[in-house]
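Participant: Structure provided below as structure tokens; questions to follow.
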Amino acid sequence: MTALYVLIPAAVLILIGVIWLFFWAIDNGQYEDLDSPAHQIVFDGEEEKRQLNPKQTSAAQEPHDA
Amino acid sequence: MSELTTCYHCGLPIGQAVHFQAQVLGELRSFCCLGCQLVAETIVSSGLNSYYQQRSDKAINPNTLPKVLEDELALYDRPDVQQEFVARQESALSVCLLVEGITCAACGWLIERHLRSLVGVYEARLNLSNHRLYLRWEPHQHSLSNLIAELRRIGYVAYPYQPDQATERMAYENRRALRQIGVAGLLWMQVMMASMATWPEFNLDLSVGMDRILRWTALILTTPIVFYCCADFFRGAVRDLRTSHLSMDVSVSLAIAGAYIAGLWSSISGQGELYVDTVGMFALLLLTGRYLERRARERTAEATTQLVKLLPASCLKLDEQGLTQRVLLTEVQVGDRILVPPGNLIPVDGRIIQGQSCVDESLLTGEYLPLARQAGDSVTAGTLNIESPLTLNVEALGNHTRLSAIVQLLERAQSEKPKLAEIADRVAQWFLISMLCIAAIVGLIWWQLDSSRVLWIVLALLVATCPCALSLATPMALTTATGTLHRLGLLITRGHVLEGLNRIDTLVLDKTGTLTEGRLTLESIQPLAGLNQAQCLALASALEQHSEHPIARAFGQSHEAAHQVQSYPGFGLQGMAGNQVLRIGQPQFAAALYGRNPPEPPTQQGLYLLLANPQGPLAWFLLEDSLRPEASELIHQCKQQGWTPILLSGDRSPRVQEVAQSLGITQAEGNLPPSAKLAYVQRLQAQGHRVLMLGDGVNDAPVLAAADISVAMGSGADLAKITADMVLLSNHLSRLPQAFKIAQKTRRIIIENILWACAYNAVVLPFAALGWITPLWAALGMSLSSLLVVLNALRLSRLPDVPRSSP
């Protein structure tokens, strides 16, 4: 039972960390668009395949994140 | 296989001969029009072929997108216009655009890729759920109008989007609601763990010290739930108590506060039951329910902001030398001269000083035929110039125009709108009062029996019967029904109208654009000379190719255009097809070509156009603003429900009575200005009728605002759509009876849910009064009853048994 004296504060600390992470994610707009990323991944895979296949040229370039 | 060929890009059927072709994905594809072909060619030449492989839906025909002139786009490049919506980050500019024409996920990919491939565009991110495009670019490389034109080339229209205060507040509240849910959920899990250990059912045999530590841990972790997550409930309760009315918020607050204070007392005194985990669960369930309801409402609010275009109103101003310059409408003054090209909305009230044209006033007055206007006549802001350019002398602007008079009428009507009582609120009052009475009685009885247990029994009673399921009953049903109706193409802007639909007894309808298509269509062709119908139609449509007149659209697309076409506004057209001169239009005008009197039109009803050559008349064309095919079904259904249909139109023509007769509507009135329509409906309401209004025009907007429940057509005016409770996006009248069915079902499910929630409370009440309820049973009972309510509401997500077509 004495383990609880350590485990309870540990649980509370972890909880605070998780809540902070959750607030950060919300403020960062992670929950704003729940549709696009799901589709994005399909197209990105397609793009990679085209780049491996030299016959088709890819005009689209990755934007550099400035 | 002789299938009808459809356009490779937009999926519209192509006529007999294929005129537009391009190479896509290694094959020659056919297109319906030049617009589609050009878009496809642009997509191919930018190397974005795989759009066509990936898309799950056909694109929108670029011709149906709103036309934006190049010089109008150039307005977006003016710094004073830009400062409203463009942000500067170091050297780059960023903007948020609202994109129209997105049909599937592949569109998003296409837009992002196409823009990113341009030199000088740093970032292009499209949000697929609200169709907003975030763009960051180098202003020296591209102007904003340039980028918008670039989107246009791949078949999309974009407007700068400037979130208004309401939208911004909504986004802020949305984030806050999400935070509250997250905090409640995360903390509740810990509280549950700590407090479960103290429950006698688990028989953990804790030491006294450990028991106290666990109680305090649970209590401390509950504190943010109560003070942060549930703050809105308390605020709502205080607000409602001030206006001396008992709402759901009051009973929710009472249960939460009661359980929390009891937890505090039990932690301090070290005795009694600990109910703080129930607070957490209660908060989580309620917050989630409200969040889902908010999301559904937000989605509709987003859809409505998309209905309203944010084009800076501009017009062509004429200077002393007669040169035109595009200026913002706010820069125009009374007395200025402006030029309105054909196909444009007239932006001001004014008098024509030069030119002759037809003006479509249907949105403002309900009149379905365009009216001829010439120098000296006055025109009204918000009407459409159709045929030829008009020079106007500006007489009234902004708040002084006739259009804004309607807006004022509307605002007054809105403030007088009768409020439909919400079932949940009535139940909540009744519920709260009876709960408090029962708690008092039980408390008194226990006081006599065993005064040491009174506090705990009364608390257990309040917590075990806390109205969790009751407060989820309505929001869950409304949320699900709103989603289902959205799939049917009906947008609900005010959720509670669904509850009130069963009390409607009168259906008021507008004619032009609502019961009818709102545009002229070709009803029949009657050849008078040796030519057959198809030949006559070919000649007529060749002539009409050049005209912007709504009549011209009725003749469809032709590939052989006539030449030397001259337009005589208000009379007709003259032109050369092949090597013969032809005229089409008013009988007198066409007959003048061969110099005799025109033949008698076959009937008196409808609009007849005569096609003639110098030898004599060739054919009659009958044009009508035809009824929507589903209109009679709608009237039939409504009569079956016992509603009285009434037709109120602004149209002066006998067409109003014709339409009423053919649909079997006995009460019909024409020639009503917006104020008379409003008075008519308010009279009905004063007689105790409950009115559902279905309309589309600006002139219907005040009535839509005043009616108990209102539905606007998706093709209608922006003003009508904003004021209505529902918007029929699909324009399919047959969706309405279906929607009414869903509304009835929604009401039934709300009532079922409320009954269930009350029944649950009635069952646990005796046990709680006897003191048999422990925190375990309270938690179990609450989660089970809430789950049942939610599952029952989910039944609304099934569409009624009518085949569903794409929205």
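Participant: Just name one of B:ALA231, B:GLN82, B:LEU178: the one whose Cα is farthest towards the positive end of the charge dipole of the protein assembly as shown (beta-carbon charges, Lys/Arg +1, Asp/Glu -1).
Facilitator: Farthest towards the positive pole: B:ALA231.
Participant: Shifting gears a bit: Would you rank B:VAL458, B:VAL191 by solvent-accessible area, highest first, keeping every protein chain in place and using a 1.4 Å probe?
Facilitator: These residues rank, largest area first, as B:VAL458, B:VAL191.
Participant: Putting +1 on Lys and Arg Cβ atoms and -1 on Asp and Glu Cβ atoms, find which of B:ASN597, B:GLY556, B:PHE571 reaches farthest to the positive end of the dipole of the range B:521-624.
Facilitator: My answer, from the dipole projection, is B:ASN597.
Participant: With only alpha-carbon pairs counted, each pair once and no self-pairs, how large is the Kirkwood hydrodynamic radius of the range B:478-582 in angstroms?
Facilitator: 17.9 Å
Participant: Quick test of the membrane-span-like rule: which DSSP H helices of chain B reach at least 24 Å along their long axis (C-alpha atoms) with mean Kyte hydropathy at least -0.5?
Facilitator: Length and hydropathy pass: B:165-196, B:208-224, B:248-269, B:276-307, B:423-449, B:468-487, B:735-770, B:775-794.
Participant: To continue, here is another question. What figure in square angstrom, to the nearest 10, would you give for the accessible area of B:ARG412 with a 1.4 Å probe?
Facilitator: 130 Å²
Participant: Evaluate 2.2 N^0.38 Å with N set to the residue count of chain B, then give the Cα radius of gyration divided by it.
Facilitator: 1.17
Participant: Which values, in whole Å and largest first, are the semi-axes of the equivalent ellipsoid of the protein assembly as shown obtained as the square root of 5 times each eigenvalue of the Cα gyration tensor?
Facilitator: For the protein assembly as shown, the semi-axes come out at 61, 35, 25 Å.
Participant: Taking only DSSP H segments of four or more residues, each worth -39500 (n - 2.57), what value at 222 nm results for chain B once the sum is divided by all its residues, to the nearest 500 deg cm²/dmol?
Facilitator: Helices in chain B give a 222 nm mean residue ellipticity of -14500 deg cm²/dmol.
Participant: Which percent of the Cα-Cα distances in the range B:654-754 go past 19 Å?
Facilitator: When every Cα pair of the range B:654-754 is considered, 54 percent fall beyond 19 Å.
Participant: Solvent-accessible area of B:THR288, probe 1.4 Å, all protein chains present, reported in Å² to the nearest ten, please.
Facilitator: Surface accessible to solvent at B:THR288 totals approximately 50 Å².
Participant: Let me ask you something else. Counting only the heavy atoms of the protein chains, how much of B:CYS466 is accessible to a 1.4 Å probe, in Å² to the nearest 10?
Facilitator: 10 Å²
Participant: Ordering B:LEU694, B:LEU363 by accessible area with a probe of 1.4 Å, largest first, what comes out?
Facilitator: Descending accessible area places them as B:LEU363, B:LEU694.
Participant: Only Lys, Arg, Asp and Glu count, each charged at its Cβ (+1, +1, -1, -1), so figure out the dipole size of the protein assembly as shown about its Cα centre, rounded to 20 debye.
Facilitator: Computed charge dipole of the protein assembly as shown: roughly 1440 debye.
Participant: If you rank B:TYR51, B:TYR228, B:TYR680 by how much accessible surface each has, with a 1.4 Å probe, what is the order from largest down?
Facilitator: Per-residue accessible area, sorted high to low, gives B:TYR228, B:TYR680, B:TYR51.
Participant: Now a separate question. What is the Cα centroid distance between the range B:42-107 and the range B:659-728, reported in whole angstrom?
Facilitator: 36 Å
Participant: Considering every residue in A:15-25, what mean count of other chain Cβ atoms within 10 Å of its Cβ is obtained?
Facilitator: Across the residues of A:15-25, the mean count of other-chain Cβ atoms within 10 Å is 3.
Participant: So, one more: What range in chain B is the longest one free of GluC sites (Glu not before Pro) that are in a loop by DSSP and have at most 14 other Cβ atoms within 10 angstrom?
Facilitator: B:561-807
Participant: Can you tell me the Rg and the Dmax, both Å, for the Cα atoms in the range B:184-306?
Facilitator: For the range B:184-306, the Cα radius of gyration and maximum Cα-Cα distance read 17.5, 63 Å.
The values are calculated or read from the model by the stated rules, or taken from the named source; none is laboratory data. Model, not experiment: these values are computed from the prediction. Cβ coordinates were reconstructed from backbone atoms using ideal geometry, including for glycine residues, and neighbour counts include every protein chain displayed. Remember, those area values only see protein heavy atoms, side chains included, never the ligands or the DNA or RNA. Shrake-Rupley method; radii C 1.70, N 1.55, O 1.52, S 1.80 Å.
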